[in-house]
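In what follows, a single structure is set out as structure tokens and then discussed.
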Amino acid sequence: MFNKNDFGEDFTFGVSTAAYQIEGAFNADGKGESIWDKFSNQKGKILDNHNGNNACDFYNRFVSDLEIMKFLNIPNFRFSISWSRILPNGTGTINQNGIDFYNRLIDKSLELNIEPWITLYHWDLPQELENRGGWTNRDIVGWFSDYVEICAKNFGDRVKNWMILNEPMVFTGAGYFLGVHAPGRKGLRNFIPAVHHATLCQSQGARALKNILPKAQVGTTFSCSHLEPNTDSPKDINATKRVDALLNRLFIEPSLGLGYPINDLKLLDRIYSYFKPGDEQLLPFDFDFIGIQNYTREIVTHSYFVPLLNAKIIKADKRNVPKTLMNWEVYPNALYKVLKKYDAYPKIKKLIVTENGSAFHDAIFDGKINDEQRTDYLKSHLKVLLKAKNEGVKVDGYFVWTFTDNFEWAEGYYPRFGLIHTNFNTQERTIKQSGYWYKQFLQFS
Ligand code: IFM
């Protein structure tokens, strides 16, 4: 078995969260509406018609939550800023109450010796900006850069670690192509411009931040899937290449100066119609680290029924493999594979696993939650991370998704990913066995 020291002194351990999934207080103290406020309150959008209006009430309970974090020896806390809490209309007038909230949160974290890591965009676009076209409107590059500057100026004196976007493939794919996430738009005519503008915001947002905070550690995060073809037929192998271009390469390659992976995914060629002169030079940015977010592996097969992509993913329940409540296969080696894959890109300075975790049924017996499956999941993923690191992969951090059970987007409150159980009726927190395991792991020296 391994212990914390095997990862080296400078290795960063922490937990990850996102504003809309935990904060609640959806309209408190001048906060404006976000696309998730609107979407999740529409009937039929979220499992069991749940919404994030109250979530974990972190907005009001952050002090006691941070005290639990301290008790668990967790030294790094990744959270996101709700754009519409500090700019209710997305641009223009600042809501000082919102700034004050994040100041209190940062100050309390630091007082407890917990290092804050800020994600600038974790999917909750101000609704007012969506009314003006959202991610399909190129003006978002200016709106986003202004918002980033406000965050840098207000929080940058104390926050050293920043992430620009969370999983752009998910918020453009699920939100602007499939319509299953906010704002619920569909089709390539929404997806393709959203992709280009998100990629521009990824680099331009990073530039805006570095201009104000040249010493900040600036990264961005990607959902990374380990993909395998269902068979070794050329059709399945080519289908896997197309899915790889879409899920894994689409956002990182332009940031590395490699352009969009159009050769392996022809449907992307229409993205050029959204280019303006000079965009090629704007897309790359030299990130200090890349956030890797991996949960599973996917098996890909050729399919004539999926237009354009001609490929589909065979979900875990169809393959009779161990799975989580998300119907994601438990396959630790996927993390090893994606670390190797991203490490092999030239110009990557550092990888940090900014999310990894699992949702299982967590039964409470006698006030205790014996979530052995989650502990095993975390241990087995840390084990392969260490293997990759020992083989020379430049990976320097690991954040568990997530701290407390929270609002899991389209799946509502059903999948519980937390180290801590949340009773969503009373907001009572109960530390799970996995939380106690992490505490013990982190205190080892
Ligand atoms: O809850 C999400 C998070 O917001 C983004 N990455 C994946 C997690 C689990 O689905």
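The values are calculated or read from the model by the stated rules, or taken from the named source; none is laboratory data. These numbers were taken from a predicted model, which means no experiment stands behind them. Here Cβ is always computed from backbone atoms with ideal geometry, including for glycine, and neighbour counts include all displayed protein chains. Each accessible area value is taken on the protein alone, full model and side chains, heavy atoms only, with ligands, DNA and RNA left out. Shrake-Rupley method; radii C 1.70, N 1.55, O 1.52, S 1.80 Å.
Only the Cβ atoms of Lys and Arg (+1) and of Asp and Glu (-1) were treated as charged; on that basis the dipole of region 1-157 about its Cα centre amounts to roughly 380 debye. Here the average projected area of the convex hull drawn through the C-alpha atoms of region 295-445 stands at 11.9 nm². When you restrict to C-alpha pairs under 8 Å that are six or more residues apart and normalise by the size of region 301-347, the relative contact order lands at 19 percent. Set the Förster distance to 22 Å, then compute FRET efficiency between LEU442 and ASN390 from the Cβ-Cβ distance, nearest 0.05. Calculated transfer efficiency: 0.65. Per the Debye formula on identical point scatterers at the alpha carbon atoms of region 279-327, with no solvent, log10 I(q)/I(0) at q = 0.20, 0.25, 0.27, 0.29 Å⁻¹ is -0.82, -0.93, -1.01, -1.08. Quick one: Cα centre-to-centre distance for region 168-192 and region 311-358, in angstrom? Comparing the Cα centres of region 168-192 and region 311-358, I get a distance of 22 Å. Segment LYS318..ASN333, full-extension length gain: 3.4 nm, with 0.36 nm per residue of separation and the alpha-carbon distance subtracted.
Its Kirkwood hydrodynamic radius, worked out from the mean inverse distance over all distinct Cα pairs, puts region 72-139 at 13.4 Å. In this simple spin-label model, placing a label point 7 Å from the Cα along the Cα-to-Cβ direction at both ARG189 and THR93 gives a separation of 3.6 nm. Net charge of the neighbourhood of GLN433, taken over other residues with C-beta under 15 Å away and scored Lys/Arg +1, Asp/Glu -1, is +1.
Based on C-alpha pairs under 8 angstrom that are at least 6 apart in sequence, the chain has a relative contact order of 17 percent.
Just how far, in whole angstrom, is region 256-301 from region 71-94 if you go by their alpha carbon centroids? After rounding, the separation between the Cα centres reads 26 Å. The length gained on full extension between ASP376 and GLU428, counted as 0.36 nm times the residue separation minus their Cα-Cα distance, comes to 16.2 nm.
For the residues LYS160, LYS108, a 1.4 Å probe over the protein chains yields an accessible-area ranking, largest first, of LYS160, LYS108. When the label point is put 7 Å from the Cα of LEU258 along its Cα-to-beta-carbon vector, which residues of region 204-234 have a backbone N closer than 20 Å? In region 204-234, the label zone of LEU258 (backbone N under 20 Å from the point 7 Å along Cα→Cβ) covers 204, 219-229.
For region 93-169, the relative contact order comes to 50 percent (Cα pairs under 8 Å, sequence separation of at least 6). Taking 26 Å as the straight-line reach from the Cα of LYS45, the lysines in range (excluding those fewer than 8 positions away in the same chain) are LYS31, LYS186, LYS312, LYS315, LYS318, LYS323. Straight-line cross-link partners of LYS153 among the aspartates and glutamates, defined as a Cα under 15 Å from its Cα and at least 8 positions apart when in the same chain: ASP100. Where the alpha-carbon atoms of region 216-359 are placed on the principal axes, they occupy 48, 36, 23 Å, in descending order. Averaging the Cα positions of each part gives two centres, and for region 385-445 and region 101-127 these lie 18 Å apart. Under a 5 Å amide H cut-off, with hydrogens placed 1.01 Å from N, VAL353 pairs with ILE292, ASP396, GLY397, TYR398, PHE399 among residues at least 5 apart or on other chains. Excluding residues fewer than 8 places away in the same chain, name every one of the lysines whose C-alpha is closer than 23 Å to that of LYS394. Correct list for LYS394: LYS4, LYS160, LYS210, LYS215, LYS337, LYS340, LYS341, LYS347, LYS349, LYS350, LYS379, LYS383.
Calculation over all alpha carbon pairs of the chain in 20 angstrom steps from 0 returns a P(r) of 26, 62, 12, 0 percent.
The alpha-carbon atoms of region 149-274 define a convex hull whose volume equals 127 cubic angstrom per residue.
The stretch between ILE364 and VAL306 holds 16.7 nm of extra length on full extension. This uses 0.36 nm per residue minus the Cα-Cα distance. As a ratio to 2.2 N^0.38 Å, the alpha-carbon radius of gyration for region 48-96 is 1.49. At a probe radius of 1.4 Å, what is the per-residue accessible area of ILE68, in Å² to the nearest 10? Surface accessible to solvent at ILE68 totals approximately 40 Å².
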